[in-house]
Amino acid sequence: MKSTPTTTHPRHARDPRARAEIDLAALRANVETMRARARGAALMAVVKSDGYGHGAVPCARAALQAGATWVATATPEEALALRAAGIDSRLMCWLWTPGGPWREGIEAELDMGVSGMWALSEVVAAARESGRTARVQLKADTGLGRNGCQPADWRELVAAARAAEAEGAVKVTGVWSHFACADEPGHPSIRHQLDAFREMLAYAEGEGIDPEVRHLANSPATLTLPESHFDLVRTGIAMYGVSPSPEVGTHQELGLRPVMRLVAHVALVKRVPAGHGVSYGHTYATAEETTLALVPVGYADGIPRHASGRGPVLVGGERGTVAGRVAMDQFVVDLGGRKVQEGAEAVLFGAGDHGEPTAEDWARAADTIAYEIVTRIGKRVPRVHLNELPAPAVGPTVHENA
């Protein structure tokens, strides 16, 4: 089914202050692009942190419509919320803490990441209590030094997992790991981690583990390292049309389209004399008589204060820069001699097709990464989902989609 393209950007009726437009047609196209780059591997759509700020449920649905076969979150609570919303595909989550909702995860048929003996012990206990088999995926720490089982402890974890499988308490559905520096092509750690993963995977399989999926590649590795694709790639930031890093390429070079367009509406326009201070601390003063436009979003909405004096914005169709400090609820743009009316669009970022900045532009202005720019946009900014396709009346069960 084809989507109907949206050619206008309607003002949100209930909150004209600001909105984040989420183009689900762009997301579907990005998933298709990443699937083509994956060269036959299945694609896991990562929708953690409310779909990187874009809305987890509509983004998960759109990704599945575009051919993703797995969905993933970080926390079990995020995954359980997706199940409650009707997402019935294969669904993985990995950021567990002691006492987590293991039984709920088992009953929801989640694939649950296990990084150490404590986690395996808790999931086995929950499986025994529920009388059902838990789906687990063993995570190897191949060099990231974050979550995952160290090589020195891998033998013990694999042996315990095999024993739990023999008992019927668990089914090891996957073996996986995560890159530290895949966004820096050529970094020596990439080869080291790839070799370590192959070695730890071979050991597990030699001990009788028969995983359904083996996965290591994140967005940058999907784009640049085909030997890391194995059975499944995990597509996060690229699915939202944001480049993983300048070293990998711009979103245009990678064939991706930004999914989020962040828009506010000018709240006030006024003339001020030369030498007038602007915003807290008077870090900016007008050089001459000029026009100031007040944009009613600030760091409470996720606009980075670190971009004070540098953040780009398209006001009334022309580029400008944040004048002075970003405040909690607002910032100012010096328009010079331009005339703009209250209510005019101020586009903070988007695809860049019409001169508007991109999330990458804001990342440079704030000395951060574009991931942070899109994920930090707060709940006070409503998401308006465009080009949404109807959800199927009846979807496959988890078992049918396994």
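The values are calculated or read from the model by the stated rules, or taken from the named source; none is laboratory data. Note that the structure is predicted; figures quoted are calculated from it, not measured. Ideal geometry is used to build each Cβ from the backbone, glycine not excepted, and the neighbour counts take in all protein chains shown. The area values use the complete protein model at the heavy-atom level, side chains included, leaving out ligands, DNA and RNA. Shrake-Rupley method; radii C 1.70, N 1.55, O 1.52, S 1.80 Å.
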| C-alpha long axis of helix 151-167 to longest principal axis of the chain, angle in ° | 60
| query | Between the range 287-339 and the range 43-122, what's the alpha-carbon centroid distance in Å? | reply | 38
| query | Hey, what did the chain get for relative contact order, percent, Cα under 8 Å, at least 6 apart? | reply | 19
| note | With the 1.4 Å probe rolled over protein heavy atoms, the range 98-225 has an accessible area per residue in Å² of 40
| What size of dipole, in debye to the nearest 20, comes out for the range 206-275 about its Cα centre when the only charges are +1 on Lys and Arg C-beta atoms and -1 on Asp and Glu C-beta atoms? | 940
| query | So what is the 222 nm mean residue ellipticity for the chain from helices alone, if each DSSP H run of at least 4 adds -39500 (n - 2.57) and you divide by all residues, rounding to the nearest 500 deg cm²/dmol? | reply | -8500 deg cm²/dmol
| Segment Ala274-Ala163, extension gain: residue separation times 0.36 nm, minus the distance between their alpha carbons | 32.3 nm
| Roughly how tilted is helix 56-65, in degrees to the nearest 10 and between 0 and 90, from the longest Cα axis of the chain? | 70
| task | With only Lys, Arg, Asp and Glu charged, each at its Cβ (+1 for the first two, -1 for the last two), find how big the charge dipole of the chain is about the Cα centre; round to the nearest 20 debye. | result | 980
| message | Straight-line reach from Lys171: which aspartates and glutamates fall under 12 Å, measuring Cα to Cα and dropping same-chain residues less than 8 apart? | response | Glu109, Asp111, Asp210, Glu212
| said: Which residues among the range 261-275 fall inside the zone where the amide N is under 20 Å from a point 7 Å beyond the Cα of Gln341, along Cα→Cβ? | reply: 263-271
| task | Relative to the longest principal axis of the C-alpha atoms of the chain, give the angle of the C-alpha long axis of helix 117-130, reported between 0 and 90° and rounded to the nearest 10°. | result | 70
| About the Cα centre of the range 260-402, what is the dipole size in debye to 20, counting +1 per Lys and Arg Cβ and -1 per Asp and Glu Cβ, all else neutral? | 360
| query | Considering the dipole of the chain built from charges on the beta carbon (Lys and Arg +1, Asp and Glu -1) around the Cα centre, which of Ser189, Leu268, Val332 is farthest to its positive end? | reply | Leu268
